[in-house]
């Protein structure tokens, strides 16, 4: 036997170590037939040589070998390669069935799944980008913000810290590795930055204590970090630039370190440039050492601390609480006995209110995914039901159940894979749309994309969908009696038990999920509408507000007042401008502003010394209220004559006036002790929402000539478009002082919109999901009713022929599905109530179980389901019985 | 049914071993393998030719034998099976396992 190799394996020498299945793949179909033919021939030959006749030899060989097709079948069934081939065949069938009869419902199921997967994958990507991606700070779990709250404050006025409190906190050095201070509010620390030879621009800055970057755990990409000697009145002024400012203002020069720049006209040396990933606080362009301060009353800061390894947030909270308790004992004149420590993880501080809102949206999209799986599962079940006779026939012909099951599973899997592919494509598109649509102040949302983890999520969703799609047919096969299936396989009575139960389960699940999504959407919508309807106290949405904080060396309260007076006078002279004024901090700039403790003159001596009353503090020029549209309810506005030499005066908000009236006094003429002086109340204005549309606070206003606190914003109205107002302001500003810079122009309307933007975004998302959910629910109900009508066509035809009323038939045909939908709606109401409770914190002026929201959702789902049921049932009940009987 | 299939597996295991052993001296085609098994056992073992081929496929899938088309002594094309390197090792393994099993069974059965 010469190894004269020929045939299929000629290319594969003995040394080749290819896996068997690759070799098999290359070699083509199994050669068993040829082998058996040879074997048979050899056996015959053997007998012929022994003297048998041809017929005898053939008979012997057949007996000896057995039936060649049976052996081939055995080989085929046992060979792992053929098992794979079977699988391939299942998939081929599954794909082919897409285009065949019932293919429409298959495509519908895939579209439904794609919608669910697309939306949930998009939300997952968004949440991941904004909430779950770690910040660029090593061990970010150890970084926290520490600030205060006071149990007595009526609203969420933020308790800020003063410079000396840094050392108080540092005493807990067994807990805290590094601590630094930064401003509590991210705005109002703008600086005019001027690089040699360029025009000044306004840049957000962050004064910080030297350990700031050590707390974050980052080092400058260029140059050096702050050191302790950079701090203090004698230190040389130094600044660290953000990557953006370095690139845009210093054109990314590598020799930037050591350069001089002017900040508010004062020379600073650039000592470092941070990497592009360090954007903390958000949008900041430069960091510089904070002026040291010994007064404990100067509260405008918050602490940023890095705990030692293994210290929990709880332990840090206890340590901070102890520190703040000691403060009360050491400085009773400064600290309120009701002050408490608040510790916020840096990640939460960073994402702010977008985190809960996005998580709610993600949750809603997951409900939608579930709903789409239920819907698709239902469609697949219906398909399997219409194929019962085929299945029964195959079973009776000896097809193993596993093989039929494998085919259903393959169909489910194919649907899931196609849906995942389509859903991922859809997600790519939706993510882009959402990122563009989202309010700008949601951090890092631009980084959202279809990354690996999002795809992993999509695959997870697909597996879930595949299970949902094949579980119906699988259960259908399990434990079915063959004869039963054959008997009623063609003309199944509607309401056969097993699959009927499953259809109902799908219907109940889907209706419940739809109600839950809808109700959540309604709740958030009502809350958003309440926000929009809130009287913010700023009636003039067209009023323009511009930051014109006067900056530069040698600015004194006096020169600043002069500057503002000149600026406003010149603007007032322009015929295009009807109102103009200035204010310390414009409305809706964020939850943190200037706070002032106050007490009324008549309370002197009888006031609880521990009582803490705080209000929002504003400094204004005359004419401010008229400009922004805050109604003056009593008394008078400020006048230019309310100056340093005149009686100190104040205007209060209506909420404060009400408190005075409750004490049985008339507000006008009362004394209020606030911001270091006793002031006479000369006016009462309407309540206004300075800290945010949903944040209630009392307001105390004082005239700009009676305090050293600056007015930083110009507000103006005119009879020309906003762009012209801005241009007018710019030219006027240049005339008054060319070194000053204006920034962040926005009308009151824009500020209000911006404040509501996140809510609007989430409400639109929920609206999208709710729309999708309703469509899915309608499709689900419709598919069930259609299947049941098809099965009952003959029965209905007979009854019509016998004269049954159309209405009665319709009700009977639709009744079962509708009753399950009703059960689902009831369950959904429970789910919605639970979700409402969970999102109470996000709701504004809406109770978590607002009957309006819950009932509208329930009613809406019921109406849609009823339409999806009754219309086809009604049509079917009106059909000519002859037609149905003939066609069946 | 389940009992029967278990029995087949048991036999199949033995059959695998026997086929490997028969192929140890050199390659053979399916007919020859069946003949060799019968002849070597002095006709005591009747090989079910039907289970021979699935067993050969299994051995092939395990990488213990490889197959090639060659011309038979009767001048016809036949598929020949030969041990691979892994197959040769497997022969040793199977033989040891068999000897252990035989020894164990003999100890239990005792001298007749």
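The values are calculated or read from the model by the stated rules, or taken from the named source; none is laboratory data. On a predicted model such as this, the values are computed, not experimentally measured, just so you know. Cβ: placed from backbone, ideal geometry, glycine included. Neighbour counts: every protein chain shown.
For the range A:303-322, which positions are surrounded by 21 or more Cβ atoms within 10 Å (Cβ to Cβ) and more than 30 Å from the chain's Cα centre (by Cα)? Don't jump to the end; show me each part of the working.
To start, the set of residues in the range A:303-322 that are surrounded by 21 or more Cβ atoms within 10 Å (Cβ to Cβ) comprises A:303-307, A:316, A:319-320.
If the condition is that a residue be surrounded by 21 or more Cβ atoms within 10 Å (Cβ to Cβ) and more than 30 Å from the chain's Cα centre (by Cα), then A:319, A:320 are the ones that fit.
Looking only at the range B:102-111, decide whether some residue is at positive phi and more than 14 Å from every other protein chain (Cβ to nearest Cβ). Steps first, answer last, please.
Within the range B:102-111, the first condition is being at positive phi, and the residues that meet it are B:110.
Retained after the next criterion (residues that are more than 14 Å from every other protein chain (Cβ to nearest Cβ)): B:110.
The answer is yes, given that some residue of the range B:102-111 is at positive phi and more than 14 Å from every other protein chain (Cβ to nearest Cβ).
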Breaking point among (1) surrounded by fewer than 21 Cβ atoms within 10 Å (Cβ to Cβ); (2) touching a residue at least 12 places away in the same chain (Cβ under 8 Å), for residue A:734: (2)
Residues within the range A:21-45 that are modelled with pLDDT under 85, surrounded by 15 or more Cβ atoms within 10 Å (Cβ to Cβ) and more than 7 Å from chain B (Cβ to nearest Cβ), tallied: 4
Output for the range A:514-562, where each listed residue is out of contact with any helix residue (DSSP H, G or I) (no Cβ under 7 Å at 6 or more places or on another chain) and assigned to a loop (DSSP other than H, G, I, E, B): A:534, A:535, A:537, A:539, A:549, A:551, A:552, A:553, A:554, A:555, A:556
Which listed residue is surrounded by fewer than 17 Cβ atoms within 10 Å (Cβ to Cβ), touching a residue at least 12 places away in the same chain (Cβ under 8 Å) and within 14 Å of chain A (Cβ to nearest Cβ), from B:88, B:76, B:40, B:95: B:88
Members of the range A:410-429 that are under 30 Å from residue A:279 (Cα atoms) and buried (at least 22 other Cβ atoms within 10 Å of the Cβ): A:427
Selected residue (criterion: surrounded by the fewest Cβ atoms within 10 Å (Cβ to Cβ)) from residues of the range A:610-643 that are assigned to a loop (DSSP other than H, G, I, E, B) and more than 45 Å from the chain's Cα centre (by Cα): A:641
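What do you reckon, is residue B:28 surrounded by fewer than 17 Cβ atoms within 10 Å (Cβ to Cβ) and modelled with pLDDT of 90 or more?
no
Filter the range A:341-351 down to residues that are in contact with a helix residue (DSSP H, G or I) (Cβ under 7 Å, 6 or more places away or on another chain) and touching a residue at least 12 places away in the same chain (Cβ under 8 Å) and give me whichever is farthest from residue A:133 (Cα to Cα). Give the steps one after another, and end with the answer.
Pass one, the range A:341-351, residues in contact with a helix residue (DSSP H, G or I) (Cβ under 7 Å, 6 or more places away or on another chain): A:341, A:343, A:345-348, A:351.
Filter once more, so that each one left must be touching a residue at least 12 places away in the same chain (Cβ under 8 Å): A:341, A:343, A:345-347, A:351.
Details: A:341: 27, A:343: 21, A:345: 14, A:346: 13, A:347: 10, A:351: 11 Å.
Of everything passing the filter in the range A:341-351, A:341 is farthest from residue A:133 (Cα to Cα).
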So residue A:686, is it in contact with a strand residue (DSSP E or B) (Cβ under 9 Å, 6 or more places away or on another chain) and surrounded by 18 or more Cβ atoms within 10 Å (Cβ to Cβ): yes
Residue tally, condition at the interface with chain A (Cβ under 10 Å from one of its Cβ atoms), touching a residue at least 40 places away in the same chain (Cβ under 8 Å) and more than 20 Å from residue A:42 (Cα to Cα), over the range B:56-73: 1
Test: residue in the range A:271-281 that is closer than 21 Å to residue A:341 by Cβ and not in a strand (DSSP E or B): yes
Members of the range A:46-56 found to be within 14 Å of chain B (Cβ to nearest Cβ) and surrounded by 14 or more Cβ atoms within 10 Å (Cβ to Cβ), listed by number: A:46, A:47, A:48
Residue in the range A:316-325 that is part of a loop (DSSP other than H, G, I, E, B) and either more than 23 Å from residue A:152 (Cα to Cα) or out of contact with any helix residue (DSSP H, G or I) (no Cβ under 8 Å at 6 or more places or on another chain) (or both) present: no
Counted residues, the range A:462-518 - those being surrounded by fewer than 20 Cβ atoms within 10 Å (Cβ to Cβ), modelled with pLDDT of 70 or more and farther than 30 Å from residue A:862 by Cβ: 2
Where residue A:305 falls short, out of the listed (1) in a loop (DSSP other than H, G, I, E, B); (2) within 30 Å of residue A:142 (Cβ to Cβ): (1)
